[in-house]
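Comments concern the structure below.
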Protein chains: 2
Amino acid sequence: MTAQPTSRVTIKDVAARAGVSKGAVSLAFNHKPGLSEATRDRIFLAARELGWAPNLTARTLAGSRVDVVGLAICRPARLLGLEPFYMEFVSGVESVLIERNCSLLLRLVRNVEEEVGLQESWWRGRQVGGSILVDFRADDPRVAATGRLGLPVVAVGHPAFTGGLTSVWTDDATAVTEAVRYLAVLGHRRIARVGGAAALGHTAMRTAAFDEAARSLELAGAWQVTTDYSGEAGGRATRSLLTAPSADRPTAIVYDNDIMAVAGLSVAAEMGLNVPRDVSLLAWDDSQLCRLTHPTLSAMSHDVHGFGAEAARTLFAVITGEGPGSHPVPTPVLTPRGSTAPPAV
Amino acid sequence: MTAQPTSRVTIKDVAARAGVSKGAVSLAFNHKPGLSEATRDRIFLAARELGWAPNLTARTLAGSRVDVVGLAICRPARLLGLEPFYMEFVSGVESVLIERNCSLLLRLVRNVEEEVGLQESWWRGRQVGGSILVDFRADDPRVAATGRLGLPVVAVGHPAFTGGLTSVWTDDATAVTEAVRYLAVLGHRRIARVGGAAALGHTAMRTAAFDEAARSLELAGAWQVTTDYSGEAGGRATRSLLTAPSADRPTAIVYDNDIMAVAGLSVAAEMGLNVPRDVSLLAWDDSQLCRLTHPTLSAMSHDVHGFGAEAARTLFAVITGEGPGSHPVPTPVLTPRGSTAPPAV
DNA sequence: AACGTTTTCTTAACCGGTAAAGTCCCTATC
DNA sequence: GATAGGGACTTTACCGGTTAAGAAAACGTT
């Protein structure tokens with residue numbers, strides 16, 4: 001890409017106008033000692049008159065801070081658009097970046113290996129000051145890679161998967177358990193779960209928690225399937241669960257996100273089943289979507305925006321040298337709405 | 001932000017290892033003439049052995065290309081998460097950037113003025129090689145500002161609002177007309193439209209087109225309201241439209257996005273109205289959402305992903321010096337599904 | 001008054017590349 | 001055999017900042 005900015009005001013021009021050296025201007029703009037109040041003022045005045053602000057690229061190259069945070073999302077581009085979760089998450093991240101005058105460098109990658117390469121080149125090229133890593137899986141190569149590079153990162157995921165990295169996470173196991181218990185208390189004995197991508201760490205965690213809850217509650221039936229998080233997959237999974245003979249099919253289904261729950265709801269309607277009388281549905285993530293359907297969707301509600309914000313704040317802490325830590329954010333809480341009720345019989 | 005990359009391989013190390021000057025390495029990596037095949041190979045080999053890749057920051061500062069595209073979205077951070085449109089659009093942009101090894105610099109801004117300032121600092125600081133501008137309004141200050149700066153941009157919006165900037169746009173007026181005609185042909189005589197943000201150019205355009213269509217078709221009733229694009233607002237608007245006495249309320253409603261249409265659908269259900277028998281609903285943008293509801297939503301369907309991709313491609317053309325142009329992308333086409341039908345009476 | 005300290009600012013060397021101008025050598029030409 | 005013309009590199013001067021080291025003036029001390 002080539003194309004030249006028209007007028008260029010540099011530190012030199014400011015220095016000349018204020019009658020000082022560029023070193024002095026630099027000192028002033030970095031709030032470093034060694035300048036009298038008078039010259040400091042003169043410099044700021046000159047800068048304001050010329051409309052100058054330090055060039056971040058040059059500043060970065062010269063070896064100081066980098067005001068950019070990296071985020072690579074591993075997903076085929078076509079699917080990204082469909083996940084309300086990420087949009088909310090990103091907006092939470094942005095809300096913190098904005099107040100620190102930082103920007104987000106966003107990139108879609110096809111797989112973890114590609115992400116490792118990307119993070120490495122970002123960091124070595126000083127394109128980012130740190131990164132937010134998401135979608136951890138078992139034996140995630142990013143743990144070792146970022147450690148080796150010295151790249152400051154915050155890992156969004158359960159410590160079981162994020163190794164020694166500073167992490168921000170929700171206690172999904174507890175949430176799944178709560179969800180299943182709630183449905184059991186309502187009287188459901190045959191419960192299914194439509195999970196997300198099997199490769200992801202938190203999916204595995206939820207799967208294990210679901211199994212455990214089903215066993216400890218001695219449920220009569222417990223099914224689990226994994227999908228790709230898309231509405232289509234969620235709908236398909238629901239259809240297959242609900243086509244079993246009525247005495248043998250789940251009376252309640254838990255979904256791993258809200259898009260799939262919406263799809264499930266529509267499949268139930270299309271099959272002539274009444275929600276919640278014939279089957280109860282429970283969503284996850286709880287974006288605005290859950291309040292827009294009819295009936296409204298009960299959900300494991302979760303402040304995704306706040307989750308993103310916390311991740312960003314934690315990253316800043318890491319960058320400024322804070323040691324590794326584990327930052328749980330509030331566990332998703334059950335928000336009952338219109339899609340859950342005791343089973344009909 | 002401070003934190004140092006551990007090992008640093010620079011062009012100098014590569015040059016030393018290949019036994020050439022750093023100028024030669026630069027020539028090799030930029031595929032410029034003036035080097036023998038033999039040395040070229042030696043240089044690439046050395047680079048590979050050392051795991052070196054040119055530092056983009058330095059490269060940028062030295063005045064060549066910038067591999068970053070800017071995108072500022074003007075919206076309160078909390079709302080961004082709710083718009084499937086942007087997520088899809090961004091994913092389309094990414095799909096083109098990814099194949100050119102470029103990244104997207106994303107930033108939320110509170111208002112257009114803030115965006116103007118941001119774009120200016122991005123450009124002057126060579127943080128971006130060009131930008132994608134969205135959400136044009138009447139007398140948009142960005143037209144003049146980007147022209148003055150010489151910032152290469154692609155404007156996503158109708159030429160009526162984007163001044164002399166190269167634009168990528170959909171013919172919303174024609175689409176609105178088609179939507180209204182379609183409903184009229186089905187037999188609807190009282191049609192309403194729940195529009196987006198009033199300040200936006202394309203909203204104004206759609207409003208005018210709707211008025212015009214209503215007049216030319218001599219509809220018995222035509223209502224229009226503007227909202228903030230949120231599901232809540234869409235639901236509210238729908239409720240207020242449908243509470244009129246039945247002989248005097250719309251039998252069809254057109255929405256400016258899909259979230260509002262989904263909300264409208266649920267409001268209708270909640271009011272005991274059957275869709276499409278009692279009222280027909282027609283969405284816009286047509287994300288996956290429209291196929292997940294029951295009944296499925298008819299929509300003015302539109303390849304938003306492709307729209308984003310086209311915007312990105314056009315930006316690259318602008319950056320490489322192509323003169324101003326106007327690039328219409330296909331007009332949204334009506335995709336009838338389950339939410340539209342002739343009125344009951 | 002001579003001398004060590006500060007304070008205040010300047011100089012100059014980077015950061016890691018790019019690119020124009022310069023050097024050297026090899027070959028074709030008259 | 002002298003000269004012009006290229007090809008293949010190297011030199012060197014930036015890009016726009018930061019920062020360590022140096023210098024000049026102001027200040028306090030004995």
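Data for the structure
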{"item": "Two-site label geometry, residue A:62 and residue A:240: point separation in nm, points 7 Å out along Cα→Cβ", "result": "6.1"}
{"item": "Interatomic Cα distance distribution for region A:11-54, bins of 10 angstrom, percent", "result": "34, 62, 4"}
{"item": "Qualifying GluC sites (Glu not before Pro) for region B:249-345 [loop in DSSP, other Cβ within 10 Å: at most 15]", "result": "B:322"}
{"item": "Gyration tensor over alpha-carbon atoms, region B:112-191, equivalent ellipsoid semi-axes in Å", "result": "36, 11, 10"}
{"item": "Chain B: antiparallel DSSP beta bridges as a percent of all, rounded to 5", "result": "10"}
{"item": "Other-copy label distances relative to residue B:114, 7 angstrom Cα-Cβ extension, nm", "result": "3.2"}
{"item": "Residue-averaged [θ]222 nm for chain B, counting only DSSP H segments that reach four residues, each worth -39500 (n - 2.57)", "result": "-13500 deg cm²/dmol"}
{"item": "Convex hull projection area averaged over all views, chain A, Cα basis, nm²", "result": "21.0"}
{"item": "Local electrostatic count at residue B:283 - Lys and Arg +1, Asp and Glu -1, tallied over other residues with Cβ under 13 Å", "result": "-1"}
{"item": "Sparsely packed GluC sites (Glu not before Pro) within region B:166-234, loop by DSSP, other Cβ within 10 Å at most 10", "result": "B:218"}
{"item": "Kirkwood Rh in Å, taken over all unlike Cα pairs in region A:202-260", "result": "12.4"}
{"item": "The protein assembly as shown, Rg to Rh (Cα coordinates; Rh as Kirkwood inverse mean 1/r)", "result": "1.01"}
{"item": "Coordinate range along principal axes, alpha carbons of region B:172-302, Å, largest first", "result": "33, 31, 22"}
{"item": "In the A-B interface, the accessible area buried, summed over both sides, Å² (probe 1.4 Å)", "result": "6500"}
{"item": "Solvent exposure of region A:11-54 as accessible area per residue, Å², 1.4 Å probe", "result": "60"}
{"item": "Occluded residues from region A:47-64, i.e. those whose accessible area drops by 30 Å² or more once the chain is not alone (1.4 Å probe)", "result": "A:55, A:56, A:57, A:61"}
{"item": "Cβ-Cβ FRET estimate between residue B:228 and residue B:344, R0 fixed at 35 Å, reported to 0.05", "result": "0.65"}
{"item": "Exposed-loop-free span, longest in chain A, where trypsin sites (Lys or Arg not before Pro) count as exposed if DSSP calls them loop and at most 14 other C-beta atoms lie within 10 Å", "result": "A:111-276"}
{"item": "Neighbourhood net charge (13 Å Cβ-Cβ; Lys/Arg +1, Asp/Glu -1) for residue B:130", "result": "+2"}
{"item": "Residue-wise HN-Hα coupling along region A:224-230, computed from phi with Karplus coefficients 6.51, -1.76, 1.60 (Hz; x: Gly, Pro)", "result": "9, 9, 10, 9, 10, 6, 7"}
{"item": "Shielding of B:288-297 by partner chains, average beta-carbon count, 10 Å", "result": "6"}
{"item": "Residue-averaged beta-carbon neighbours from other chains (10 angstrom radius) around A:175-188", "result": "0"}
{"item": "Cα-based radius of gyration of region B:6-132 once divided by 2.2 N^0.38 Å, which approximates compact folds", "result": "1.39"}
{"item": "Within 10 Å of each Cβ in B:120-127, the average number of Cβ atoms from other chains", "result": "6"}
{"item": "Size of charge dipole - chain A - debye, nearest 20, with Cβ of Lys, Arg +1 and Asp, Glu -1, no other charges", "result": "1020"}
{"item": "Most positive-pole-ward Cα, A:338, A:177, A:155, against dipole of chain A from beta carbon charges", "result": "A:155"}
{"item": "Anchor residue A:22: lysines whose Cα lies under 26 Å away (excluding residues fewer than 8 positions away in-chain)", "result": "A:12, A:32"}
{"item": "Region B:315-330 and region A:92-127: distance between their alpha carbon centers, rounded to Å", "result": "28"}
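The values are calculated or read from the model by the stated rules, or taken from the named source; none is laboratory data. Quick caveat, the model's predicted, so the values are computed rather than measured. Don't worry about glycine lacking a Cβ; one is built from the backbone with ideal geometry, like all the others, and counts go over all protein chains shown. The protein model used for the area step is the full one, side chains on, heavy atoms only, and it has no ligands, DNA or RNA in it. Shrake-Rupley method; radii C 1.70, N 1.55, O 1.52, S 1.80 Å.
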